[in-house]
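Below: the structure, in structure tokens.
The values are calculated or read from the model by the stated rules, or taken from the named source; none is laboratory data. Please read these numbers as outputs of a predicted model, since none were measured by experiment. No Cβ is skipped: glycine too gets one built from the backbone with ideal geometry, and neighbour counts run over all protein chains shown. Note: accessible area is taken over every heavy atom of the protein model, side chains too, but ligands, DNA and RNA are not part of it. Shrake-Rupley method; radii C 1.70, N 1.55, O 1.52, S 1.80 Å.
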Amino acid sequence: MIPLAAAQLLAPGLWVWCLAPALLAVALYLFKRRPRQVRVSTLPFFKSLAAIYQESAWLRRLKKLVSFLLTAFVILGAVLALTRLVVAPKSDELQGVVLLIDGSASMSAVDEEGESRLERGQAWARDRLAGLPPGVAVMVVRYDRRPEILLPFSYDRRAVERALSAVEVRPLAGDPVAALRLARRLAALEAPAAIWHLTDQPEERVAEDPLGGQIARISSADVASLSSSSEGVAPLQTALAPVTLTRVDLGLAEPRNVGITAVQVRPQPLEHGKVEAFLEIQGAPVGSEPYETQIEVQRQGELVLLQRISVAAGGVERLLLPIDSSQGDEVEIKISTEDDVLASDDVVHLRLPEARPIRVAWVTEGGDPFTQLALAAIQESGQLEVFQVSPKSWPMPDGPDGRPAFEVVIFDAWLPELWDPKLQAIVIDPPGPLGPIRTARLETGIPLGSLRSVADGHPLLYGVASGRVAVFQTCVLDTGGGLTPLWVGPAGPVLSAGEVRGQRLIVMGFSTIRSERLGYLASWPLLLGNAVLWLAQPGQDERSGRNLQTGEVLELPPGASLTWKGDDPSKTRAGTKQRPAPAGAAPRLVELDRLGFFEAGEVRGSAALLSGRETNLRPNPSPLAITGPREELPLAAYFRGDLRPLLLWGILLILAFEAWLFHRLGVF
């Protein structure tokens, strides 16, 4: 139902400037000029020239009235345009409006004219807000991963305009469900109210409100009184405040887009300074032809890889890119596609693990020659620094920073008396149980000609031919407490790995020197190298950087400040000064809200969008489609909101009609 329209003058004090022209027009209409009498020799000649004397009196009065009305309409239109006439519903029909604007990454998608979805939504909101009377309060809420109130309920339209102009797109994934729930609660404060949701995403599935889409505007005391009465249900229904939701779909008709939705970096086993970047690229479901996409990999600003792939519309492509990290730890991966509408998902910055050898302590009494050969082969590649330590010299003192002197420790057929929970350890042929290691020693041992692999996808077994391995089992492993069995024999688990209370641990229940074929196969150096890399991965990630997703929260060390590469170190986004934390201050939490490399003290990393929701843009057959109730619209689209353009065009048409009527037709 469309309520009665109400006219409002946003600048009523300006009408006095048009008072003088109005008085002049009225005076000219009321003024009657008496004709002058001049004696002439003959009258027929002048009577034939003055056709006015051939018209009746009523026709002359009609022409004069038409001339006055046209002049009055011009003056009235100028007055209304100067005082900004707006047409809107009555204030008692709508008390508040919550303007909920999507500020996620997909709102930066541009159309053929270069206009983003956010700019289109802001223009729509300005046109819609011009039709609201001054008595309607407006709230501006922006959301991406979490909602943010830019302006509480306000009657100041200039403050609303400033808040609307301050809405910006951040390269973060959006969460409309949480934003809509917050908007419903805020709208109930000024009910009856309306929510105008501006987004380019498909219609969300929001959990139904237990009150049937309405929100109660009653206090807890009122609820208690209503609940205690026998007729509490009916009063409760009347106390409900209606909140309507109007959704404006800003999506493009054919949003062609290809973006990176997942990335992961891992070192290549037994390849010093070499890493693999796993890349997932997704295409928007637009059209039937595949996208032709070009991939560029730059290391320290230098192009190192150029590759072209085809991505099916609505499909996903996964690939591995080899990267040499020995020449630099900063890598930028870009993709480019013709007519791509979204740029924030086309680039990924990666901070590679620092290409330095891993310090490994091999604690053994006699030393297994096969293990020694395997560690020597890995050490020659420059990936490890192996130090053979006698059990008498254990434990080793910590480094100056309080951390263990070695990143990985290999206990070969020996265990210390006390277990150190800070160690990342490999235990080969444990002599007995200790700490998280729970084993049952076999008296004679069991030769196993074949093993059953129960977790082929584990990083420890990468490249290992488990079917060709033959070992001599010396103990049975208990895989409880966080350890996962990887190799299983007839007597029980032979190889297990896992994480126990933040400590990574690998237990091998066999003897290498007594195994039949293990020491002669390439699988043993591969298994040992994979084990060392897997144990050292958490420490290397912490030391070399973190490749995170935008929107994640980073904990800054005390006294550190977050800076982004490529910007002035003294400034952050939007050009505001960055205040470093005082020395000794507690850690602070900072949201990663942009793309690129960042540094915060010793913490170094990168941030990327990596969101399938933002990349997978859905086509919108009817752009700017509005769903939901529209009862707040008082008139048709051409007769609502600010009527200044309509009034100015009307004045021009009246002036053109008057010129045609009096000058072309000679009506005077």
Boolean, SER496 is polar (S, T, N, Q) and surrounded by fewer than 21 Cβ atoms within 10 Å (Cβ to Cβ): no
Subset tally (residues that are part of a strand (DSSP E or B) and in contact (Cβ under 8 Å) with a residue 40 or more places away in the chain) for the range 455-491: 6
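Matching residues to (1) among the acidic types (Asp, Glu); (2) without any contact (Cβ under 8 Å) to a residue 40 or more places away in the chain; (3) surrounded by fewer than 23 Cβ atoms within 10 Å (Cβ to Cβ):
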| residue | (1), (2), (3) |
| --- | --- |
| TYR155 | no, yes, yes |
| ARG158 | no, yes, yes |
| LEU164 | no, no, yes |
| VAL169 | no, no, yes |
| GLY174 | no, no, no |
| ALA178 | no, yes, yes |
| ARG185 | no, yes, yes |
| LEU189 | no, no, yes |
| LEU198 | no, no, no |
Considering residues of the range 298-344 that are of a type in the set (Val, Ile, Thr) and touching a Lys or Arg at 6+ places or on another chain (Cβ under 8 Å) only, the residue surrounded by the most Cβ atoms within 10 Å (Cβ to Cβ): VAL331
Among residues of the range 134-149, those that are crowded, with 19+ Cβ neighbours inside 10 Å and of a type outside the set (Phe, Trp, Tyr), counted: 10
Test: residue in the range 539-546 that is in a strand (DSSP E or B) and in contact (Cβ under 8 Å) with a residue 40 or more places away in the chain: yes
Helices (runs of 4 or more DSSP H) (entirely within the range 100-192) containing at least 1 residues that are under 23 Å from ALA608 (Cβ atoms): 117-129, 176-187
Where a residue in the range 96-122 is without any contact (Cβ under 8 Å) to a residue 60 or more places away in the chain and its partner, wherever it lies, is in a strand (DSSP E or B) and surrounded by fewer than 24 Cβ atoms within 10 Å (Cβ to Cβ), with Cβ under 7 Å and at least six apart: SER116/VAL110
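Using the structure shown, decide if ARG468 is closer than 23 Å to LEU375 by Cβ and surrounded by fewer than 17 Cβ atoms within 10 Å (Cβ to Cβ).
Numbers: closer than 23 Å to LEU375 by Cβ: yes; surrounded by fewer than 17 Cβ atoms within 10 Å (Cβ to Cβ): yes.
So ARG468 fits the description; yes.
This table checks each residue for (1) over 29 Å from SER515 (Cα atoms); (2) open to solvent by 50 Å² or more (accessible area, probe 1.4 Å); (3) touching a Phe, Trp or Tyr at 6+ places or on another chain (Cβ under 8 Å).
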| position | (1), (2), (3) |
| --- | --- |
| VAL386 | no, no, yes |
| SER393 | no, yes, no |
| ASP398 | yes, yes, no |
| ARG403 | yes, yes, no |
| PHE406 | no, no, yes |
| TRP414 | no, no, no |
| PRO421 | yes, yes, no |
| ALA425 | no, no, yes |
Qualifying residue in the range 642-653 (condition: open to solvent by less than 50 Å² (accessible area, probe 1.4 Å), more than 32 Å from the chain's Cα centre (by Cα) and at pLDDT below 75): yes
